[in-house]
Amino acid sequence: MADTEALRQIAHSRAPLSTWLGVVLLFALFGVIVLAVIGPMPRGSDYEETRAKKRMETLKTVREDAEKALNTYAWIDKNKGAARIPISRAMELTTAELAKQKPAPAGPIATPQAQSPAPPTSPAPGASPKPGAAQPAGSPSTPAPAASASPPQTAASPQTQAPASPPPAARSSPGAPASPSPATTP
């Protein structure tokens, strides 16, 4: 029985060794495959130089094609009669065509519609004129009598407008006492 026990121990000890050997061989095989794939790829500055040369050749051909398209005559669609002409000739033809045209006369400028008048604002409490005091003729708070830009009130308007300043007669004579005029309602 001792022999069977010894054989079992030897069999158990060899199993891990064969497993490790199999794992190492798999890694080696994977490494060989990777080297086979990557190996033929060019490396270093020579590879970058060839790519740069290829890009420069491509750029040169694209620029030559663009230069040819801008400066030569060619058919775009012969059936439709569409042709390509050099850009310098196209600019000459366009300026000649624009020189023949006369400018169109401008129409009248439309003015914006008159807006509804704003309600009269009351002056500041400290700046309100006293009923019996006369204002000087050149004071900035009095508007000029002929420079009224607001449209006249109509009778159908619901707003009532009280005079904000003394009548023009009171403004014309600074020495005369100003009498308040009665407010009228339509």
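Run the reach check for LYS68 against lysines, Cα to Cα strictly under 18 Å, same-chain hits fewer than 8 apart removed. What comes back?
List returned: LYS60.
Using Cα positions and a limit of under 14 Å, work out the aspartates and glutamates in reach of LYS54, with same-chain residues fewer than 8 apart set aside.
Excluding near neighbours in sequence, the set is ASP46.
A short reminder: the numbers here are calculations on the coordinates, not readings from a lab. Not measured: the values here are computed from a predicted model.
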